[in-house]
Structure formats: structure tokens, C-alpha cells
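Report on the structure given below.
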Amino acid sequence: MPSHLQTYEVLLDFTNDTHDYVTVQLLRDYGRNTSAVVLLNPAESVTLVLDSGSIYRYAVKTHSKVANVT
């Protein structure tokens with residue numbers, strides 16, 4: 001007999017602790033707007049609501065530096 005699987009929302013906070021503007025961009029289509037980009041001013045933050053059990057991929061960019069977050 002299969003067990004009941006319960007899903008949860010996961011909160012992911014991105015905080016721009018630099019002196020430059022930073023963008024956070026979704027890298028894959030998750031059934032949502034694939035061109036979703038958030039521009040964070042210095043000292044600004046954004047909270048993303050994710051579904052548990054899913055893998056998300058983001059690119060965090062500032063000037064010439066890019067960090068991929070999975």
C-alpha cells in the first residue's frame with residue numbers, strides 16, 4: 001500500500017549584500033514564465049517560494065560574475 005506523500009513549500013531568501021545591482025534568473029521552464037528575472041538593488045532581498053521535492057536552477061548575476069544555484 002503506497003504511503004501518502006505530503007508536499008511542503010520551501011522559502012529561499014536571496015539577499016544582495018553587495019554594492020552593485022544583482023539579477024536572479026530562472027534557468028528552466030517550470031510551467032511558469034521562463035523569462036522571469038528579478039533585479040535586486042544593493043541591500044534588497046527577495047523570497048522565492050519553491051515546492052519541496054523539485055529541483056530549481058537559477059543564475060545570480062552581477063557585472064561579469066555569474067553563479068549558478070541549484
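List, please: which pairs have Cβ atoms under 6 Å, are six or more places apart or on different chains, and start with a residue in the range 1-28 that is within 18 Å of Leu48 (Cβ to Cβ) and end with one that is modelled with pLDDT of 90 or more and part of a loop (DSSP other than H, G, I, E, B)?
Close Cβ pairs (under 6 Å, with a partner that is modelled with pLDDT of 90 or more and part of a loop (DSSP other than H, G, I, E, B)) amount to Asn16/Pro42; Asn16/Glu44; Val22/Asn16.
Yes/no per residue for (1) surrounded by 12 or more Cβ atoms within 10 Å (Cβ to Cβ); (2) at pLDDT below 80:
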site: Met1; (1), (2): no, yes
site: Leu5; (1), (2): no, yes
site: Val24; (1), (2): yes, no
site: Tyr30; (1), (2): yes, yes
site: Asn33; (1), (2): no, yes
site: Val46; (1), (2): yes, no
site: Leu50; (1), (2): yes, no
site: Tyr58; (1), (2): yes, no
site: Lys65; (1), (2): no, no
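The values are calculated or read from the model by the stated rules, or taken from the named source; none is laboratory data. What you see is a predicted model, and the numbers here were worked out from it, not measured in a lab. Because the Cβ atoms are built from the backbone with ideal geometry, glycine has one as well, and the counts that use them run over all protein chains shown.
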